[in-house]
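The values are calculated or read from the model by the stated rules, or taken from the named source; none is laboratory data. What you see is a predicted model; the values in this text were computed from it and never measured. FYI the Cβ positions are ideal-geometry reconstructions off the backbone, even for glycines, and counts take in every protein chain you see. All accessible areas refer to the heavy atoms of the entire protein, side chains included, with ligands and DNA or RNA removed. Shrake-Rupley method; radii C 1.70, N 1.55, O 1.52, S 1.80 Å.
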Amino acid sequence: MPVTVGTASYAAAAAAFLFLSVLLVLSWRGRLAGLLLAAGAFATVIWAAAAVWVAAGMGSGMRATESLEVLRSTIWVALLLVLLGYSSARPGKLRIAAAGVLALCAAALALTLAVGPALAARPDATVIFTRLALALAGLVLVEQLYRNVNSQQRWGVKFLCLGLGAVFACDFYLYSDALLFRRVDPDVWAARGIVNALAVPLLAIATARNPALALDVAISRRFVFHSTAMLGAAAYLIVMALAGYYVRYFGGEWGAVLQVTFMFGAVMLLAAILFSGTLRARLRVFLSKNFFSYRYDYREEWLRFTRTLSEGEPGAQLRERSIQAIAGLVDSPGGTLWLTQESGEIELVARWNAPPAKSSLPPDSPFVRLMQSRQWVVDLGECAAHPEIYDGVAVPDALGPMPLAWLAIPLILHERLLGFVVLARSQARISLDWEVNDLLKTAGRQAASYLAQLEAARALLVARQFESFNRMSAFVVHDLKNLVAQLSLLLSNAERHRHEPAFQEDMIGTVAHSVEKMSRLLFQLRGGYTLEPPVPVTLDEMVEQAVSMRSASKPAPALELRDRGMCVVAHRVRLERVVGHLIQNAVDATPPEGSVSVRVLRQNGSALIEIADTGCGMSERFMRERLFKPFESTKAAGMGIGTYEAQQYVRELGGRIEVESREAQGTVFRVRLPLHVAGRVEEGQADMGAELAEGR
């Protein structure tokens, strides 16, 4: 073994423990355990530095090095004894054991100083035996500390036990070999510095998590899992390397070839094992059973569960993700989702890594009643073998499509069974104890809330579609009602005026206009209605036609055109319908002996259509709370959407509707619209927009 290897090895140990010593001094909180940890780290620095001096051949410091090694081990033993004192329930027995261990340390130090620096040449058996006993005592103390510490505080000493256990295990191996062969193996001696250096990160983690060594820290299970897997893989590779060396040594001329083949095969086998989902699942269960007071890291599990449910597009494949999220809690490779339908039956609606099938269960089946009343997580295998445990309920044949069905988890929402999830058998051997049972039931409730939200969103979408259809139907019915009213009025007057040429001409125009409107409505109902862009509309022509359509009414509306030629940008048919509706409302609200007047004029740069009547009028409260609300009407057969549509469309044009009314005196509607002149909108539109924004 070259001298430089031992030099580098112990130099690394000295540097690592020097860094740790600085950290410990800066983070010390006055506890005795922290002081001993810092003292042990500093003693290791001095011992490793002395070993560097010896390994480099720069001096004969073997006796000092060996004495410092015993001192270092004594401090580590004292630290373990102090930590055991914190957790021990039998202080009397601990004091006796501590006295014996410290006596052993003193004997080892005395023998080292008395025998002399002959370990490297021909070690004394007594000295080697005391060193071996000291290393063994350290390992026993590490094991006792880990076993006796409180289960909630075990992770606080985990890394400390691993680090000091590695140091004492290396010493034990070195001195066992020296006692057996009566010489110190230079390779093992050189490697010991690296082993001590590798223990520093473990001690540093323990210190960082618990600066005062109060034993109240915890650590991530994911870290434990990956660390265990890494250590296991490292141990496997070491064993395979030794086996490969054996194959090469006894393989003759084929030895080198066999060694290379064996090593590559071993690495491939390791890769296959590490990528095995079953092995990973069983390793998690083993670690949870043997190293934790609780099987699950609930924070980590709940984060993963929620992330699985909420990832992806909203609502997309939520049913499959619900199965996957619940299955991940018990390492299940697949499952199916059963949900209650409108008919009351529970149907298979989604699957994840399960064969396709179409099955359902009636709501009064014994299995469904059991899930609803007991809200149990049902072990299907146990239920089939021992139905008496589950109130004599047998496993339904409908659950058979998925092979190896294992568990049925109820999805409970507000104490009502929304459905259940059936999982395939886990890749690990997980027993259905109280912890697994509670976790799966809680996860089922959470998944039920997500699924219920999805169903509610879908139902709301359908309701909105029906609402949209009903609203369109209401507008169509409203227009048809007005057309029927016009045609009915025409028929009632036909008996008296059928021979008059003026009435005949007016009748033909009214019928033609009604046919045109009904054709447009039918075209719209068939889905072919396309709204044309607004165009300039001459107000006096449009209002004249709306008034003439109601000329046979009682009272007949009177038209006054103060300003002709005004244009607004609008859809002629819709604007005529708005004005016609307001005129018809005025006629309906006015007795035959009353009057209805329609005026068209320019006012403050805007076009104004004023419809006044002497009818029954409206109350202030009705105008404030109900006038422009959809489906609100004072007419017995009214739809209550005409005024609402009028206000919405006038606002769309940038105008507004003003109302003045007094009960038993009459009503005035004013429709203000922005004027369109020579391709531009007059300034009055901007003024009106500002007034609308201010709420005036």
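Tally Lys and Arg at +1 and Asp and Glu at -1 over the other residues with C-beta under 13 Å from the C-beta of Leu361: what net charge comes out?
So the surrounding residues net to -2.
Can you send over the carbon and sulfur percentage of the accessible area for region 370-446, probe radius 1.4 Å, protein chains only?
Accessible surface attributable to carbon and sulfur in region 370-446 totals 52 percent.
How much net charge surrounds Leu174 when only the other residues with a Cβ under 9 Å from the Cβ of Leu174 are counted, with Lys and Arg +1 and Asp and Glu -1?
That sum, taken over residues with Cβ under 9 Å, equals -1.
Rank these residues by their accessible area, most exposed first, probe 1.4 Å: His571, His499.
My answer, sorted largest first, is His499, His571.
What's the ranking of 368-379, 350-361 by average number of surrounding C-beta atoms within 10 Å, highest first?
Top to bottom by mean Cβ count within 10 Å: 368-379, 350-361.
Find the accessible area per residue for region 536-597; the probe is 1.4 Å, ligands and nucleic acids are left out, and the unit is Å².
With all protein chains present, region 536-597 gives 40 Å² per residue.
Please report the projected area of region 340-423's Cα convex hull averaged over all directions, in nm².
5.2
Compute the Cα gyration tensor for region 305-375, then decide on rounded, prolate or oblate, letting a ≥ b ≥ c be the square roots of its eigenvalues: rounded whenever a/c is under 1.5, prolate when a/b is larger than b/c in the other cases, and oblate in all that remain.
Judged from the Cα gyration tensor, region 305-375 comes out prolate (a/c at least 1.5, a/b above b/c).
Accessible surface of Cys616 in the full protein assembly, 1.4 angstrom probe, to the nearest 10 Å²?
Only protein atoms counted, so the area is about 80 Å².
Just by accessible area at a 1.4 angstrom probe, what is the order of Met566, Met618 from largest to smallest?
The ranking, largest first, comes out as Met618, Met566.
Taking a probe of 1.4 Å, how large is the accessible area per residue of region 303-378, in Å²?
For region 303-378, the per-residue accessible area is 48 Å².
Starting from the residue with the highest accessible area, list Leu399, Leu32 in decreasing order, probe 1.4 Å.
Ranking Leu399, Leu32 by accessible area, largest first, yields Leu32, Leu399.
Could you state the number of Å between the C-alpha centres of region 333-367 and region 538-593?
62
Once neighbouring chains are kept in place and the probe is 1.4 Å, which whole percent of the accessible area of region 560-634 is contributed by carbon and sulfur?
Of all accessible area on region 560-634, carbon and sulfur atoms account for 47 percent.
Just add up the charged neighbours of Arg192: K/R +1, D/E -1, any other residue whose Cβ is under 15 Å from the Cβ of Arg192.
For residues surrounding Arg192, the net value is -4.
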